[in-house]
Every structure is written in structure tokens, then in C-alpha cells.
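Asker: Take a look at this one; I'll ask things after.
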Ligand SMILES: NC(=O)c1ccc[n+]([C@@H]2O[C@H](COP(=O)([O-])OP(=O)(O)OC[C@H]3O[C@@H](n4cnc5c(N)ncnc54)[C@H](OP(=O)(O)O)[C@@H]3O)[C@@H](O)[C@H]2O)c1
């Protein structure tokens, strides 16, 4: 039996390492959104499954006995679909999703349900830094600002439709680098997704230091009954308890 790990986050990477260290037969899956992802320490497939049937075909062909969904907190479709399929098949399934960020003293955060709500919170004349990912660009259409800077990992093919431009850079970023970036552009408003990632926190700390207003996009809703843990350690503990644990190679007792 093999564990299917839906990856694409730093937590998935850490979990993959923990599974490899324990000798748990694991197949990781990446959507293929990042052109040159850092290799994972377990066998990895890349690209979408091709919908419900494609996902079920992979489950059968690879002898998948359990699924851990460690995709990004904003990856809404894959998480709901995986939950529904695993529930139907009676396949053990766990969602690894770290807790969201908490504002502290000195933070100026406003939460928004989506990009439409966020746009209404950004005054004309603002200098906006979008840390919302390449795929979010179309959703910002209609944003009125003096300039807009969208950070991306890969240089995009798409034209940039605002004054400003893409900022091509690969995470993680530390607070000094973030302060330097925001100061260079004169950022007044930072937009982030509530991803909760520890290594994404630096931009929020930099915004606090510079007095920048932050708009935090809320996470998408999750299906009822989705079994969720917030840490890699909890996910590894769940694997230890799997019914077919004895079929998995050399888990430490
Ligand atoms: N959304 C974000 O802000 C964000 C940020 C960082 C990383 N990511 C990562 O990028 C991937 C895509 O994000 P998204 O927002 O487009 O997700 P999504 O809307 O939930 O998924 C879109 C489609 O991408 C494919 N897919 C997603 N995750 C996959 C995986 N781990 N392995 C194989 N196929 C996968 C599936 O295609 P098929 O229907 O063809 O199976 C899915 O229907 C996710 O793996 C996520 O962890 C997303």
C-alpha cells in the first residue's frame, strides 16, 4: 500500500521528508504550477489528475491506501474533491492545513472575503503590493491604484495590465529583504492570502515595521467533516495509526 501525498507547500515538503525518514511508501503529487519545483525526497508525479476519474485511476493504479492532502490553504477545488472521493471510497484521508496568521500589536490588518472585497478597501492613489500569486492576476482587474506590484516565482508570459509590474523572486524572504522591497516601491497597501506559513510571515512583519496597511484574504470554505490537522507532527502521528500500518515498510514503533 502506498500513501498519496498531495503536495505543493512547504509543509508538504517537510511531511514528505518525515515519511521518507520513516520508510513510508509514498507517492507525492504536484500540480505542476511551478515550472522548476525543488525535488521532493519521495517519488513524485506532476500535473493534474484530469478530474475525478483521473484521480480514481491513479488511486487504483498506484495501490493507494491513504491520502494526505497538504495542498495550499487556498487550493479550494482539489481539497473538496479529494475529501468527497475519499469519503465515497472509504479511503483514510487527512487534510494538513496550518492555522492562519494572527495579528499582533502594531499590525494594521483588514480581512476580505475575496479580491472584489479587497479592491473596495484600497483607495485610489495607493501603491499596492500583491503577494497573492501569479494566478490571481485576472481577479485584480479593475483595481484602481497608482501602481501595482505582483510577486511571482516564474517570469510570466501574461502581459501586466497595471502601472507597475511583476516582481520575480523565489521565496523564502526574510524581513530585511521584505522591508527593502516594500520601501523601494513605496508600498502603501500589501495584499496577502491567509496562508499561515511561517516562512511567509516576514512580509507581514515588514509591513508592521513600515506602517503599511495589510489586506488579508480569507481562506475558502471547507467541506463539512474534513478531518484536519495543523502540523506535520500531527500528520505523521496519523500515519502511525493507519489501519494498514503493518503493510507500510519499517515504521518505527
Ligand atoms: N492557490 C494558491 O494560492 C496556491 C499557492 C501556492 C501553491 N499552490 C499549489 O498549487 C496547486 C494548484 O493550486 P490551485 O489553487 O490551482 O488548486 P485547485 O484550484 O484546488 O486545483 C486546480 C487543479 O489543479 C490540480 N491539482 C491541484 N493540486 C494538485 C496536486 N497536488 N497534484 C496534482 N494535481 C493537482 C487538479 O487538477 P485535475 O482536476 O486535473 O486533477 C485541480 O483540479 C496546489 O497543489 C497548491 O498546493 C496554490
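Asker: Show me the strands (runs of 3 or more DSSP E) entirely contained within region 1-114 in which 2 or more residues are free of Cβ contacts under 8 Å to residues at least 40 places away in the same chain, more than 10 Å from the ligand (Cβ to nearest atom) and in contact with a strand residue (DSSP E or B) (Cβ under 8 Å, 6 or more places away or on another chain).
Answerer: Passing ranges, in order: 26-30.
Asker: Looking at region 143-157, which of its residues are at pLDDT below 95 and farther than 22 Å from residue 170 by Cβ?
Answerer: Once the filter is applied, which keeps residues that are at pLDDT below 95 and farther than 22 Å from residue 170 by Cβ, region 143-157 yields only 144.
Asker: Take residue 136 and decide whether it is within 30 Å of residue 224 (Cα to Cα) and without any contact (Cβ under 8 Å) to a residue 24 or more places away in the chain.
Answerer: Values: within 30 Å of residue 224 (Cα to Cα): yes; without any contact (Cβ under 8 Å) to a residue 24 or more places away in the chain: yes.
So residue 136 passes the test.
The values are calculated or read from the model by the stated rules, or taken from the named source; none is laboratory data. What you are looking at is a predicted structure, and each value in this text was computed from that prediction instead of being measured. We place every Cβ from the backbone using ideal geometry, glycine too, and count neighbours over all the protein chains shown.
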